Amino acid sequence: MQEDVYELFKQYQFNHWWFTGRRKVIHAFMRKFICAKNLEILDIGSGYGGLIPTLQTFGVVDTIEPHTATHEQLEQLGIRTIYGKDFFPIICPEHRYDIVTLFDVLEHIEDDSRALQVVRNQLLKKQGYCFLTVPAHPGLWTEIDERSNHFRRYTIKRLRTLLLEAGFTTISLSYFMCLLFPMDILNRKLQQNQPPKLSEIKQTPALPATNNLLETIFGMESALISRVHFPVGSSIIAKAEG
């Protein structure tokens, strides 16, 4: 990602409605499949660590994060080991984990097929879990995808095929950010016609009440994601067993 994107994540990851709502959905989705604690987890692409406290409810966390400016904050969050210098799958720990996570990371990797194969064959323990999220719907591509150094957006069919080809067996996928999907479509169509600056898109809404309302609506999906698969949404969440 470009430096300004990292800075926005650092500034807003604990208070912006998109980050907080997404965190609740991810936690609820993982809880659907994982009851154990004290697991070993590898988080690929942690950024400034907005999801680390959530992952630590399941066990100890290592990370692959090449952006060295984030490492101090990751250490403060209690990361056990930080693998840096280069990005996954170029860098790959010689260790196997109970859980490997890639939250909004796969779209940044040019060879996404190889990345999933490395997770399955080199990083996961037998019967381990891979959890990931990706942006959905290629037709929603905007300047934000460009500035974020995305290679693609996904469909559920495409992501399922990649996971199966990588050797994963039991796979569960769902769209999310469903309830706010109409708003997101409208926003992205406006961006396609008149691309705004990144800082104008990702900033916390000026009115706290607006931010709280959007967080509440998005967060409602966390109560549903363990029971239903949303038919539409601007993102996809997946679980795959190795």
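Since every read-out is calculated from the coordinates, none of them should be taken as a lab result. Only a predicted model underlies this, so the values are computations on that prediction, with no experimental measurement involved. Note: ideal-geometry Cβ built from the backbone for every residue, glycine included; neighbour counts use all protein chains shown.
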* Structure fact -> In order over the stretch 154-163: 3J(HN,Hα) from phi, Karplus 6.51/-1.76/1.60, θ = phi - 60°, whole Hz, x for each Gly or Pro, gives 10, 10, 4, 4, 5, 5, 4, 4, 4, 5
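With the radius of gyration and the Kirkwood radius both derived from the Cα set of the stretch 71-116, what is their ratio Rg to Rh?
Radius of gyration relative to Kirkwood radius: 0.97.
Which whole-number percent is the relative contact order of the chain (Cα, under 8 Å, 6+ apart)?
The normalised contact order for the chain reaches 26 percent.
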* Karplus couplings for the stretch 11-22 from phi (6.51 cos²θ - 1.76 cosθ + 1.60, θ = phi - 60°), rounded to Hz, Gly and Pro as x? -> 6, 10, 5, 10, 9, 6, 4, 5, 5, 5, x, 4
* For TYR97, enumerate residues with amide H under 5 Å from its amide H, sequence gap 5+ or separate chain, H modeled in the peptide plane. => LEU124, LYS125
* In sequence order, calculated HN-Hα J values of the stretch 108-114 (Karplus, 6.51, -1.76, 1.60; Hz; x Gly/Pro) -> 8, 9, 4, 9, 5, 5, 5
* List every residue whose amide H lies under 5 Å from the amide H of PHE103, counting only residues 5 or more places away in sequence or on a different chain, with H placed 1.01 Å from N in the peptide plane. => ILE44, THR133
* Structure fact -> Under 5 Å from the placed amide H of LEU39, counting only residues 5+ away or on other chains, we find GLY59, VAL60
* **Residue-count net charge about GLN117 - beta-carbon cut-off 12 Å; Lys, Arg +1, Asp, Glu -1** => -1
* **Flagged links, alpha-carbon separation over 25 Å, of LYS10/LYS157; LYS10/LYS37; LYS85/LYS126; LYS10/LYS126; LYS37/LYS126; LYS32/LYS157** => LYS10/LYS157; LYS10/LYS37; LYS85/LYS126; LYS10/LYS126
